[in-house]
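Coordinate-derived values only; no laboratory data. Only a predicted model underlies this, so the values are computations on that prediction, with no experimental measurement involved. In this analysis, Cβ positions are derived from the backbone assuming ideal geometry, glycine residues included, and neighbour counts consider all displayed protein chains.
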Amino acid sequence: MRLLRPTWFEIDLDAAAENLRTVRRLVGPDRKIFAVLKANAYGFGAHEMARVFTDGGADALAVADLSEGVRLRRHGFTLPILVYPNALPDAASEAIRHDLVPTLTNLDAARAWSAAASGPCPIFVKVDVGLERLGVPVEHAVKTIRAMLELPHLRLAGVCTHAHAHAPLDAAYVEWQLARFTAVIDELTAQGIDIPVRLAASSPLVLHLPQTYLNAVDPGRMLYGVTMTGEAPAPAPLRPAFHALKTRLIEVKELTPRARFAEAAPFPIERPLRLGVVPMGSADGLLHLHAGRMLVRGRAVPLLGAPSLEHTRLDLTAVPEARVGDEVVVIGRQGEAEITVADAAANHGLQTLHVAPAIGERVARVYLSGGAVASGVTRGD
């Protein structure tokens, strides 16, 4: 594999496909699965992941904003695409033109969608039951949804929520939120309003609380095999789609202590040392991706100073045989040594969820299947 810029992110397509099958086994054949592709599929690449999930039997796709949905349509994806509430009302016409289903959270947004539509316009409505972020307040949900449906063209395709579910999971707290949500569903149903999709279960609930499944689920991070620090072991095995983050040495040279201006050096040089440089820096997200060390020829080597925009220095003194072109593992395994996603996250006080999305877009995504590079799906050059 030759990359013009030798820095790349290896992604296991087979793992993502297996994780979708795990979701299907958990929720059964009759519930709809909305495969979540927000944040460029959590950093793994929305186009390629959408293909995996479409081929694997997802019923719909879900994205965080309209631009993500538009790109998927332009790539030819025809499954229903649910857009979570991130757009301003003036984007309604563009969403309708690309057959995207909005998630509405207030009556003003509903009026904008109604005005932009020239025919039936399916909508989801999000109810805030505890996350205190986006959604119609649960106390006003029934009244607000009824008012939305009195507007021309709007048709209720589903009602959804996102429970506040931190690790470790507090089942009683989640069930209290679920009860608030189902009370809204029950009241709307009692008033004769049909609700085709009832969506409350994101990844932690899919994994641990089957009572939240209702008739649809929207797994996100679990499709990519991401588990959270402090989370209980999953009842079904997940395979990490994060295979490795790698680069190569582009410079190797010997340094000696300075005779003058030693205190002005970019890092202390108190003894002769071997310096290595890799073409990966803060512009690639490395400020939040490294574990304080990288692997070269199966050995951990420390960083020297902070990453710059384009480059990072390594202390290769303990690896005298290192040469330009050698593979450098930022996250992953090399020989018997390994740096995990959790190692990188812990070094910066982050949850594991935030590591892959931090990998810059110019880092090539290299997709693996059957242990080899999958033909035609390398990105970045």
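Once Rh for the chain is found with the Kirkwood sum over Cα pairs, what is the Stokes-Einstein diffusion coefficient at 37 °C and 0.692 mPa s, in µm²/s?
On the way: Rh = 22.8 Å.
Answer, rounded: 144 µm²/s.
Run the paramagnetic zone check for ALA318: 7 angstrom along Cα to Cβ, then residues of the range 247-283 with backbone nitrogen under 14 Å.
Answer for this model: 274.
Which residues make up the longest stretch of the chain clear of GluC sites (Glu not before Pro) that lie in a DSSP loop with no more than 10 other Cβ atoms within 10 Å, not counting the sites?
Values: sites that count: GLU132, GLU150, GLU270, GLU321, GLU336.
Here the longest run is 1-131.
Hey, what did the range 170-220 get for relative contact order, percent, Cα under 8 Å, at least 6 apart?
Values: 44 pairs, mean separation 15.3, N = 51.
Value for the range 170-220: 30 percent.
Can you tell me the FRET efficiency between ILE269 and THR229 if r is taken as the Cβ-Cβ distance and R0 is 25 Å, rounded to the nearest 0.05? Present the calculation step by step, with values, prior to reporting the outcome.
Details: r = 36 Å, r/R0 = 1.45.
About 0.10, to the nearest 0.05.
To the nearest 0.05, how large is the calculated FRET efficiency for GLU251 and ASN86 if R₀ is 51 Å and r is the Cβ-Cβ distance?
Details: r = 42 Å, r/R0 = 0.82.
The calculated FRET efficiency here is 0.75.
Percentage of Cα-Cα pair distances in the range 77-204 greater than 20 Å, rounded to whole percent? Show your work: numbers first, answer last.
Working: 3438 of 8128 pairs.
When all Cα pairs of the range 77-204 are counted, 42 percent exceed 20 Å.
Using the Cα centre of the chain as origin and beta-carbon charges of +1 (Lys, Arg) and -1 (Asp, Glu), tell me which of SER93, THR317, THR54 is placed farthest towards the positive end of the dipole.
THR317
Which whole-number percent is the relative contact order of the chain (Cα, under 8 Å, 6+ apart)? Kindly include the intermediate steps, with their values, before the conclusion.
Details: 793 pairs, mean separation 69.5, N = 381.
Here the relative contact order equals 18 percent.
Starting from a Cα-only point model with no solvent, please compute log10 I(q)/I(0) by Debye for the range 242-373 at q = 0.18 1/Å.
Debye output, listed in q order: -1.01.
How high is the relative contact order of the range 242-373, given as a whole-number percent (alpha carbon pairs under 8 Å, six or more residues apart)? Can you show the working numbers first?
Working: 261 pairs, mean separation 37.1, N = 132.
In percent, rounded to a whole number, it is 28.
Please name which of VAL27, PRO266, THR103 has its Cα lying farthest along the dipole of the chain towards the positive end, using unit charges on Cβ (Lys, Arg +1; Asp, Glu -1) and the Cα centre as origin.
The listed residue farthest towards the positive side: PRO266.
In debye, nearest 20, what is the charge dipole magnitude of the chain about its Cα centre with +1 on Lys and Arg Cβ and -1 on Asp and Glu Cβ, if you could check?
Values: 39 positive and 40 negative charges, 155 e Å.
The dipole magnitude comes to about 740 debye.
May I ask you to sort SER202, SER118, SER282 by Cβ crowding, counting other Cβ atoms within 10 Å and putting the fewest first? Numbers along the way, then the final one.
Details: SER202 23, SER118 9, SER282 17.
By the 10 Å Cβ count, ascending: SER118, SER282, SER202.
Could you compute the FRET efficiency for HIS153 and LEU131, with r as their C-beta to C-beta distance and R0 at 25 Å, rounded to 0.05? Each step should come with its number before you reach the end.
Values: r = 29 Å, r/R0 = 1.17.
The value I calculate is 0.30.
Just the number, please: percent antiparallel of the DSSP beta bridges in the chain, rounded to the nearest 5.
Here the share of antiparallel DSSP bridges comes out near 50 percent.
Take each of the peptides 189-197, 222-230, average the number of other beta-carbon atoms within 10 Å over its residues, and list them starting from the highest. Don't skip to the answer; put the middle values down first.
Details: 189-197: 13.0, 222-230: 20.9.
Those peptides, ordered most packed to least, come out 222-230, 189-197.
Nearest 500 deg cm²/dmol is fine: what mean residue ellipticity at 222 nm does the chain get from its DSSP H runs of n ≥ 4 alone, each adding -39,500 (n - 2.57), divided by its residue count? Mind showing how you got there, number by number?
Values: 10 runs with 97 residues, N = 381.
It comes out at -7500 deg cm²/dmol, rounded to the nearest 500.
Among PRO219, ALA346, MET148, flag the residue with its Cα farthest along the positive direction of the charge dipole of the chain, charges on Cβ as +1 for Lys/Arg and -1 for Asp/Glu.
Going by the Cα projections, it comes out as ALA346.
Using only C-alpha positions, report the orientation-averaged shadow area of the convex hull of the range 196-261, nm², one decimal. If you can, show how the numbers build up before the last one.
Values: hull surface 39.2 nm².
The Cα convex hull of the range 196-261, projected and averaged over all directions, gives 9.8 nm².
Contour minus end-to-end for ASP186 and ASP108, with contour as 0.36 nm per residue of separation and end-to-end as the Cα-Cα distance? Display every interim value, and only then the final one.
Details: separation 78, 0.36 × 78 = 28.08 nm, distance 2.47 nm.
25.6 nm is the gain from fully extending ASP186 to ASP108.
So, in nm, how far is label LEU309 from label HIS140 when the simple model puts each one 7 Å beyond its Cα toward the Cβ?
4.6
May I ask for the distance between the Cα centers of the range 243-295 and the range 145-209, given as a whole number of Å?
Taking the Cα centre of the range 145-209 as reference, the centre of the range 243-295 is 50 Å away.
I want to check the label-to-label distance for ALA262 and ARG97. Put each point 7 Å from Cα in the C-beta direction and report it in nm to one decimal.
6.6
Put a dot 7 Å past each Cα toward the Cβ at SER369 and ASN215; how far apart are the dots in nm?
3.4
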